[in-house]
Amino acid sequence: MSDLLLNIDASAVNWARAQFALTAIYHWLFVPLTLGLAVIMGICETRWYKTRDTFWRDTAKFWQRLFGINFAMGVATGIILEFEFGTNWSNYSWFVGDIFGAPLAIEGIVAFFMESTFVAVMYFGWKKVSPGFHLASTWLTGLGATISAWWILVANAWMQHPVGCEFNPDTMRNEMVDFLAVAFSPFAVGKFFHTVISAWIVGAVFVVAVSCWYLLKKREVRLAKESIKIGALVGLIAALGAAFTGHISGQQVAKYQPMKMAAIEGLHNGGTEQGLAIIPGIEVPYALSIMATNDPQGFVPGINDILNGYVTPDGKTEPSMDEKIERGKQAITSLAAYRKAKKEGADKATLNDLLTTIQTNMPYFGYGYMKDRQDAVPPIAINFWAFRMMVGLGCLFILFFAAVLAVSYQFPKRFLQKYDMAALPAWHYWIAIALVPLAYIASESGWLVAEFGRQPWTIQDMLPTWVSVSDIQSSAVALTFFLFLILFTTMLAVEINILLKQIKKGPEYSAEA
């Protein structure tokens, strides 16, 4: 791998990154609504199962119809995303395919088949299976989608914090040695709960917005009012849960990806008692130290600290970026010397000495491909503002859902008993509708922080992006980039059009209702 940097077209790296970002962003437009609606429709059908009120069955069917439209589009974009690992990132796939491929294979074999099986029962089994089995199928469809998200997020978390693997100098590959460490690393668990819970917010905002549109049009009043209660309750729980799990994820980022944390804050010179900037010039005292360490006095390294090297509060010395680059080059040089010596039949002592050098410097292997230490600094502006967009909108959603619940349940009655959710001024409903794109912006902003924050790494400390890409012509990737842009934009437009038509059509009430 030592000559990869010389053989790969630099513009191909940028186009490959752009294409993967395009696909991932479009794919994530569909996924959170799938996960969020799965909870809402499951609750509605559970109400029908308990009460046998056909209103709840018709309500569940309505939200399931919108779920199905979105689900189909999400599957299409997700499949393309996985193929790009082989087409555009073949060096990455070859180097860590034994590890990265395992969770994706499990996702495809177990989770995808699970959700695709039960989604058929959910849509076509209303009169063919018992109410209990159908209810189980509805929840299992959502569970299958959630399990699918688990394995994909396990793969992504491993890229952020690689564990459970060892480098084999004979095969030139990283090989899995502990599957459980990969599947249940704290980083993966934290990322999963934060991502899935935040997806519920998108589903909840969508349900409340659609219901408010019905109230604005003075139709489907009971469905709208009951759905608002469910959506706002799910949304408030999810928004509070996202704040809690986000704090946990922030501590893991501070521990394993300190450069990402520094970029999020735009922190050049770290220290103790660090405040968190709301905007440049206005900060919350001690908040960054608390977020990173749970201690107002906690030490948070800045960008310059990481570049120049620093000593942690527990006395551990973190080497400078120049030292990491030098040790990475030693790992690459020793690896090439080991393979040459083994091919030429060198004695065991010589091979063991080279292996010792490789193992000592392997933690810094990826740094050996850097030409300048500034290559290790991620885009600061994107991380800074995307993080504040995510957190700021998250706080807005907490207030929004709390206000909607208060009006829906008229609590406290002393102040709200005169308000009826179905008889508010029109601008109240338009606020709810306007929050739908903001929910997606918040969700996408979280991914921008996660992925831009770990640049320049495909795998943290192990493999930079420019070493991971396939040896292909940039023109080929650029062509498919624009083809995908047209395709995905068309798919998104088609989905929005179908969703709007189905919302305008409204629920199909049964004869009993």
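The values are calculated or read from the model by the stated rules, or taken from the named source; none is laboratory data. Computed from a predicted model, the values in this text were never measured in an experiment. Cβ: placed from backbone, ideal geometry, glycine included. Neighbour counts: every protein chain shown. SASA here: full protein model, heavy atoms, side chains in, ligands and nucleic acids out. Shrake-Rupley method; radii C 1.70, N 1.55, O 1.52, S 1.80 Å.
Annotations for the structure displayed:
- The set of residues in region 291-313 that are of a type in the set (D, E, K, R) and outside any loop (DSSP other than H, G, I, E, B) contains only Asp305.
Residue by residue, here is whether (1) open to solvent by 30 Å² or more (accessible area, probe 1.4 Å); (2) at pLDDT below 95; (3) among the β-branched types (Val, Ile, Thr); (4) not in a helix (DSSP H, G or I) holds:
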| site | (1), (2), (3), (4) |
| --- | --- |
| Gly42 | no, no, no, no |
| Glu45 | no, no, no, no |
| Tyr49 | yes, no, no, no |
| Gly68 | no, yes, no, no |
| Ala72 | yes, yes, no, no |
| Thr77 | no, yes, yes, no |
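- Val121 vs. criteria β-branched (Val, Ile, Thr), under 18 Å from Gly144 (Cα atoms) and part of a helix (DSSP H, G or I): yes
- Of residues in region 472-513 being over 27 Å from Glu220 (Cα atoms) and small (Gly, Ala, Ser), the one most open to solvent (accessible area, probe 1.4 Å): Ser475
- If the condition is being part of a loop (DSSP other than H, G, I, E, B), more than 22 Å from Thr171 (Cβ to Cβ) and either modelled with pLDDT of 90 or more or of a type in the set (Gly, Ala, Ser) (or both), then region 314-353 contributes Gly315, Pro319, Ser320.
- Here Ala120 passes the criteria (1) in contact with a helix residue (DSSP H, G or I) (Cβ under 6 Å, 6 or more places away or on another chain); (2) open to solvent by less than 50 Å² (accessible area, probe 1.4 Å) except the one numbered (1).
- Looking only at region 337-351, and only at residues there that are of a type in the set (A, V, I, L, M) and over 42 Å from the mean Cα position of the chain (by Cα), the one that is most open to solvent (accessible area, probe 1.4 Å): Ala349
- Residue match in region 177-198 (condition: modelled with pLDDT of 95 or more, in contact with a Pro (Cβ under 6 Å, 6 or more places away or on another chain) and either within 20 Å of Gly394 (Cβ to Cβ) or surrounded by 18 or more Cβ atoms within 10 Å (Cβ to Cβ) (or both)): no
- Against the criterion of being touching a strand residue (DSSP E or B) at 6+ places or on another chain (Cβ under 7 Å) and of a type outside the set (A, V, I, L, M, F, W, C), Thr356 does not qualify.
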